[in-house]
Each structure stands twice: as structure tokens, then as C-alpha cells.
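**Student:** Before I ask anything, here is the structure I am working with.
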Amino acid sequence: MKVRHWGLAWGLAALCGVSAVSAQTVLEKVSAGGALVIAHRESSVPFSYIDPKSGKPIGYAIDLCLRLADVVRKKTGMKDMPVEMLQVTAANRLAMVEQHKADLECGSTTNNAERRQKVAFTVPHYITGARLLVKASSSIDRLEDLAGKKLVSTKGTTPLKAAEQANRSHLMGITIVEAPDHERGVEMVEKGEADAFLMDDVLLYGLAAGRPHPAALKVVGRFVTTEPLAIVLPKNDPEFKKLVDDEMRRLITSREIYPIYDKWFAKPIPPNNASLNLPVSYLLRDFWKYPSDQVPF
């Protein structure tokens, strides 16, 4: 009995040790000399993508996250805090934050109720909606026009789930396939492997602008979804979340965010030095009047 008792005691102690390690907050980790890990995407233009010249991640969300990194340095007093960049995909981005392998996911991720069960979000940096990318010669103008045709969307995204739900509930007869990333989705439309690519319209404009023949593609249709895009944070880390939320609100209310926005949406950007010519929408402008991490979705 004594042996069993001690075995149980050691087992409980081990479990407590694991819990203590996993409960370490981001600010505690950084204060102890750890790196701030920023997760980024490969082709979420203009939010988070790889610059083909430098091979480094760039974009609107990356610039915002580097601002947040500066605030973490000041808060912790760790002036030499290292920042590590971790490339993620649409399929694993939330898991990387949930598993504490990344501290911030800086891309084009939608804040919705399902995802808030696993991770936290800060104030949205963009509000968009999913539309269709088709060939310029295509007669497709809306989701209903895809009956009997093939639609592609990126694995692990809210537009993909919305398309699948609409297809089931309205018996549209659309063949829906998954692409591993946004770049492949565009490529499938270009090659005739799919009739349309469903994704956030701002991403579609950015992806099309970076193709060899941008005029061969067009964005069409009504919004299939409404997508408040926000930086992802670990759940149950209130001190870190407050620091990030406060800085995002400050950037917005001070209007410091507007030049950062214009850099990526109103001016020429890599890789082709083309401008998206997308001013701040009325939806985003209204939301930023009272910036909050609370969204009605």
C-alpha cells in the first residue's frame, strides 16, 4: 500500500509540474529570456507573405505584430528580446497558438465564435468578406452560378466552411475541393482545374495582382461571408491580451494605424510593385470609431 501511495504521489507531482510549465504566460517566458514567436503565412497578400527577394515575411499584419513586439520589450524590460518567425498554414495556424508554439499569429485569420473556444483575438485590423476569383472570360458572377461546376477554397478557412454549408443546405450541386494554400487555389483557376476560388476578397485582389497576368483574372459576386480579421493570441493569458489590446486600440485611436494600412493597401507592394487601391472601407472605419475585440460573429 505504501508503494502505491508513493507512486500516486509522484504521479500527481509530475502532473502538477506539467501544469506549471504549460501555465507559463507569454510575458513570463519573455522576462525569463525567451523569444517572442510570431506565426506568419506564406501567401496571404498583403497581410502576411514571403517577399521573394529577401525570403522574409512581410505585410500589414507583420508590421502590426512588430509594433506589438516593441510593446512587449518595453513591458518586460527585455531590450534584447529575440523575435522568432514561424511559418504556418491555414490548417495549423490556430493549433500553433493553442499549443503555445507561437505567441501571435499575424495573418488574415477571422475572429469567430468557434475559434474563440480555443484561442483569443485582439481588435480586428481588417473587415472583409469572401467572394469569387474567376477567369476574366468567365460568365460566373455568384455562388449559384457554380451549380454542376468546381469550386476551390483553402483548407481550414471560414470561406470553405461557408461554401460547404451553402452547398448542402441549398442543394447547389457544386463540387468543392480544398487547396493547401491560397497560391494553389489561384493556380487551379488559372489552369482550369477549378471554375472559381472562394476567399476573402482583399486576399483575392492581392493574389491576382501578384500573378504573371493579373488582367486574366477578376473578383466577382456578393459577399458570401463577413470576416473580421484579427491577430490571434493564446487563450487564458489575460495580462498579455490586455497589453496587445491596449496597443491595438492606441494605434487605432491615435490614427497611427492609417499610414501602416496605406503602405499595404494604397501604395505599390512587392512582388510586382502593384497597388491594391483599397481605401479603408466604411465597415472598418465605423468599427474603428470604438475599437474592440468583441465582434458579433
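The values are calculated or read from the model by the stated rules, or taken from the named source; none is laboratory data. Here the structure is a predicted model, which means the values were calculated and not measured. Cβ coordinates were reconstructed from backbone atoms using ideal geometry, including for glycine residues, and neighbour counts include every protein chain displayed. Ligands, DNA and RNA are stripped out before the accessible areas are found, and what is left, the full protein with its side chains, is counted by its heavy atoms. Shrake-Rupley method; radii C 1.70, N 1.55, O 1.52, S 1.80 Å.
**Student:** Could you pull out every residue, at least 5 positions away or on a different chain, whose amide H is within less than 5 Å of the one on ALA102? Hs are placed 1.01 Å off N in the peptide plane, and Pro or chain starts have none.
**Tutor:** Counting only residues 5 or more places away or on other chains, the set is VAL97.
**Student:** I'd like the accessible area for GLU183: 1.4 Å probe, protein heavy atoms, all chains in place, Å² to the nearest 10.
**Tutor:** 80
**Student:** Still on this structure, please answer the following. Given R₀ = 51 Å, what would the calculated FRET efficiency be for SER137 paired with SER169, taking r from the Cβ atoms and rounding to 0.05?
**Tutor:** 0.95
**Student:** Quickly estimate the mean residue ellipticity at 222 nm for the chain, helices only: each DSSP H run with n ≥ 4 gives -39500 (n - 2.57), and the total goes over all residues, rounded to 500.
**Tutor:** For the chain, the value works out to -11500 deg cm²/dmol.
**Student:** Ranked by accessible surface with a 1.4 Å probe, highest first, in what order do LYS191, LYS161 come?
**Tutor:** Ranked list, largest accessible area first: LYS191, LYS161.
**Student:** What whole-number distance in Å separates the alpha-carbon centres of the stretch 135-198 and the stretch 54-116?
**Tutor:** Each part's Cα centre sits 29 Å from the other's.
**Student:** Follow-up question, since we're still on this one. Keeping all protein chains in the complex and leaving out DNA, RNA and ligands, what accessible area do you get for HIS100 with a 1.4 Å probe, in Å² to the nearest 10?
**Tutor:** Surface open to solvent at HIS100 totals about 100 Å².
**Student:** Mind putting a number on the dipole of the stretch 129-227 about its Cα centre? Charges go on the C-beta only, +1 for Lys and Arg and -1 for Asp and Glu, and I need it in Debye to the nearest 20.
**Tutor:** That gives a dipole near 140 debye.
**Student:** Right, something else. For LYS29, give me every one of the lysines with a C-alpha distance below 26 angstrom, ignoring sequence neighbours fewer than eight places off in its own chain.
**Tutor:** List returned: LYS56, LYS74, LYS75, LYS79, LYS101, LYS118, LYS235, LYS241, LYS242.
**Student:** Taking amide H atoms as placed 1.01 Å from N in the peptide plane, list the residues 5 or more away in sequence, or in a different chain, whose amide H sits under 5 Å from that of THR25.
**Tutor:** Here the answer is none, since no amide H 5 or more places off falls under 5 Å of that of THR25.
**Student:** In addition: Distance in nm between label sites at LYS191 and SER275, each 7 Å beyond Cα in the beta-carbon direction?
**Tutor:** 3.5
**Student:** Multiplying the sequence separation of VAL83 and LYS118 by 0.36 nm and subtracting their Cα-Cα distance, what value in nm do you get?
**Tutor:** Residue separation times 0.36 nm, minus the Cα-Cα distance, leaves 10.2 nm.
**Student:** In terms of Cα to Cα distance under 25 Å, which lysines are near enough to LYS218, apart from those fewer than 8 places away along the same chain?
**Tutor:** LYS135, LYS149, LYS150, LYS155, LYS161, LYS191, LYS263, LYS267
**Student:** Going by amide H atoms built from the backbone, whose H comes under 5 Å of the H on THR109, apart from near neighbours?
**Tutor:** Hits under the 5 Å cutoff: ALA230.
**Student:** Still on this structure, I have one more. Multiply the residue separation of LEU283 and GLU28 by 0.36 nm, subtract the distance between their alpha-carbon atoms, and state the gained length in nm to one decimal.
**Tutor:** Roughly 88.1 nm would be gained on extension.
**Student:** Going by accessible area, probe 1.4 Å, with all protein chains left in place, what is the ranking of THR154, THR25, THR226, largest first?
**Tutor:** THR226, THR25, THR154
**Student:** Quick one: if you stick a label point 7 Å off each Cα along the C-beta vector at ARG67 and GLU178, how many nm between them?
**Tutor:** Roughly 3.4 nm, to one decimal.
**Student:** While we're here: Starting from the residue with the highest accessible area, list LEU160, LEU283 in decreasing order, probe 1.4 Å.
**Tutor:** LEU283, LEU160
**Student:** Based on DSSP H assignment, which helices of the chain show an axial Cα extent of at least 18 Å together with a mean Kyte-Doolittle hydropathy greater than or equal to 1.6?
**Tutor:** none
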